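Below you'll find the structure, written out as structure tokens, and then a few comments.
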Amino acid sequence: MLKRLHFTIFYNRITSSSKMALLMLGVLVYPCQAYAMDWAERALERISKPPLGLPRLVQTEKNEVTKDRIILGRKLFYDKRLSRNSSVSCASCHLPERGFADNDQPRAIGFNGRRSRRNAPTLLNVAYMRTLFHDGRDNQLATQILGPFLDKNEMANPSAGWLVQTVNGLEDYWGKFEKAFGEVANINNIGKAIAAYEQTLLSANSPFDKYWYGKDKSAIGPAAIRGLKLFRGRAGCARCHKIGKYSALFIDHRFHDTGTGSKDDSGRKEVTGRLKDINRFKTPTLRNIALTAPYIHDGRFETLGEVVRFYNRGPVATLPALGLSETQQNDLVAFLESLTGDNIAELISEAKGAHRQND
Ligand code: HEC
Ligand code: HEC
């Protein structure tokens, strides 16, 4: 009370131009502070109310997402010290400014420059994936982390125990696992924390969403509108890259042979051992696809135009040639380009916060 009185007296004494300056400073400083403090809160809010075009997020993993877990997960995700020679983090291959994928490498490069067999997929909207990896060999974000942490081509930790020991040995983690999970770091809660952060990477409310779900007729141009019609109709894309009544993930949670398999990679068959799964790969989301070149599990195509031409030629018997004109193929590309979410800059800026924290 006394403080407020003092402030009022002080405030009344200063000139009006200084008042204006003070006010301006407040306007400038306040959002920065709110931003720095509340990114995790806003990320939590995003999970409870996903952007337009995404379905409700059902948390199938018994992984209650909390603010402390998101903050810890982000720290782990961007921490290179968690690889064998402190050179690789999750973000080395899932780069925030490249749609949480990697545009430079058709196939991911990790520990000691070793090349993985496959292209790093986007982690945007990964929370909705019922299976993980191009061949669906895992189905929980919290356990999936063991793959990259231990893979000798990725982060190359010799064992899970080694990784836990590394984390427990880093002073800047002390107390953080206790706060988030009520226990010291172990392989389960490391996974849960990273999964919590990954679940915040939701992006939609794209021009397409505004047009289709938001009924804003001017949100996309005529080429994209024609492309959408082809996508759902004659080109048959939406059979697998599904668009629902209230939301769209552009996936069907299934595996298909679209003529992309090879001697080196037979996809789903490697997991199930069943001959019928040969050359089948998981249907990837097409949201934010303009940001995540190159395309297909091995990154063989650099542009969306190449992917569309590939489908147009009729790659396998079950996907016969489409006979689309050059303009129609360009229309499909224009549609695919309308799927970029409107909060990408925000997600990148949240990621940058982690770098500041780890430096
Ligand atoms: C060396 C590059 C590299 C690093 C480092 C890396 N990843 Fe990946 N990530 C990949 C590749 C390549 C795939 C696809 C592999 C496959 O399908 O067999 C993948 C797949 C994934 C998937 C499955 C996505 C989907 O839609 O199926 C998730 C989730 C994921 N990574 C998270 C992580 C996390 C968390 C870390 C850090 C602990 C990490 N990655 C580190 C390259 C990398
Ligand atoms: C039978 C199901 C099916 C149909 C129909 C289909 N797709 Fe796909 N699509 C897939 C699968 C499966 C993959 C992954 C292939 C791989 O990685 O080897 C894929 C990959 C893609 C990719 C690359 C995604 C990435 O992140 O690398 C694009 C783009 C794409 N499809 C667009 C289209 C378009 C446009 C059409 C219509 C002309 C279409 N798809 C029709 C199943 C389908």
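For the reader, a short list of remarks on this structure follows.
- Residue pairs exceeding 32 angstrom between C-alpha atoms, taken from 49/192; 192/215; 80/179; 263/352; 192/269: 192/215; 263/352.
- The alpha carbon convex hull volume per residue for the stretch 207-339 rounds to 105 Å³.
- Neighbour-count ranking [beta-carbon atoms within 10 angstrom, fewest first] of 184, 58, 308: 58, 184, 308
- Within the shell defined by Cβ-Cβ distances under 14 Å, the residues around residue 275 carry a net charge of +2, with Lys and Arg each +1 and Asp and Glu each -1.
- Kirkwood hydrodynamic radius (C-alpha pairs) into Stokes-Einstein, the stretch 110-264, 25 °C and 0.890 mPa s, D in µm²/s: 130
- Cα-based convex hull, the stretch 173-258, per residue volume (Å³, whole number): 168
- Debye log10 I(q)/I(0) at q = 0.21, 0.24 Å⁻¹ for the stretch 276-359, Cα point scatterers: -1.09, -1.25
Bear in mind these aren't lab numbers, they're just calculated from the coordinates by the rules spelled out. On a predicted model such as this, the values are computed, not experimentally measured, just so you know. Glycine gets a Cβ as well: all are built from the backbone with ideal geometry, and neighbour counts include every protein chain shown.
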